[in-house]
Amino acid sequence: AVTVGRDDRPSFVRLSLAVVCRSIVFVGLSSFISLYAQERNGGSTAAGTAALFVLYAGGAVGSVLGGRLADRWDRVTVSRWSYLVTVGSVAGVVLAPGQALYPFVALTSAGLYVPFSLQVTLGQDYLPTRVGTAGGITLGLTVSIGGLVSPLIGGVADATSLRTALAPLVLMPALSWWLFRTLPEPAVPRSGTVAVRRKADGSDDAPAPVRSENG
């Protein structure tokens, strides 16, 4: 069987913007959560170290959980609900006093990592004729943008307070959720099918294998 692989560029652009928002909130928290935890817990260095540990441990849990949830529901639905939950958990990180912030750090980390691998496969399915480009953008370019925003967060923290600087991060998963609201779930090719890139003149390139659930 042969199917014509058609790139869904509008969906890929919306997906990429959602990944950018995820990157901003995760890199922002990774850069400043240790200092923030120390500030909220009387300057304790151990409190900052614990916050970083919880942040990355939650990411490991979220990565495994994302795959399991996607087996039961589709990837877009899982990612959408994950970002919605993360809106509340990031708000908890910013507002919770003392040690009460740690459960919110864990929930935020898990919520940001549940859609992480799902977004990579979604990007490749939205651009079936350019899976390498899709992977490079969703794993490379969009993730790197978060690092560019971190100095801005630091500048705001120096001018005001760390809490004020982290507060806008609540908006990032909300934007990701909003972008996922209209994303379609791509159809998964059946085992043994191949994609054909359609040229401008209507002719086809040579068939190229497409990733499927059965490999």
- Task: State all residues of segment 57-83 that are open to solvent by 70 Å² or more (accessible area, probe 1.4 Å) and within 26 Å of TYR102 (Cβ to Cβ); if no residue qualifies, say none.
- Result: VAL61, VAL64, LEU65, ARG68, TRP81
- Query: When you go through SER30, SER16, SER63, SER34 one by one, which is the residue that is under 18 Å from LEU169 (Cα atoms) and touching a residue at least 40 places away in the same chain (Cβ under 8 Å)?
  - Reply: SER16
- Looking at segment 80-92, is at least one residue of a type in the set (A, V, I, L, M) and either touching a Cys at 6+ places or on another chain (Cβ under 7 Å) or not in a helix (DSSP H, G or I) (or both)? no
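Residues are listed down the side, and each one gets a yes or a no for (1) open to solvent by 40 Å² or more (accessible area, probe 1.4 Å); (2) assigned to a helix (DSSP H, G or I):
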site: ASP7; (1), (2): yes, no
site: PRO10; (1), (2): yes, yes
site: ARG14; (1), (2): yes, yes
site: VAL19; (1), (2): no, yes
site: ILE24; (1), (2): no, yes
site: ALA47; (1), (2): no, yes
- In segment 135-179, which residues are of a type in the set (Ser, Thr, Tyr), open to solvent by 30 Å² or more (accessible area, probe 1.4 Å) and closer than 30 Å to ASN41 by Cα? THR160, SER161, THR164
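The values are calculated or read from the model by the stated rules, or taken from the named source; none is laboratory data. Note that this is a predicted model, so its numbers are computed, not measured. So basically every Cβ, Gly included, is an ideal-geometry build from the backbone, and we count neighbours across all protein chains shown. Note: areas computed on protein heavy atoms with side chains; ligands, DNA, RNA excluded. Shrake-Rupley method; radii C 1.70, N 1.55, O 1.52, S 1.80 Å.
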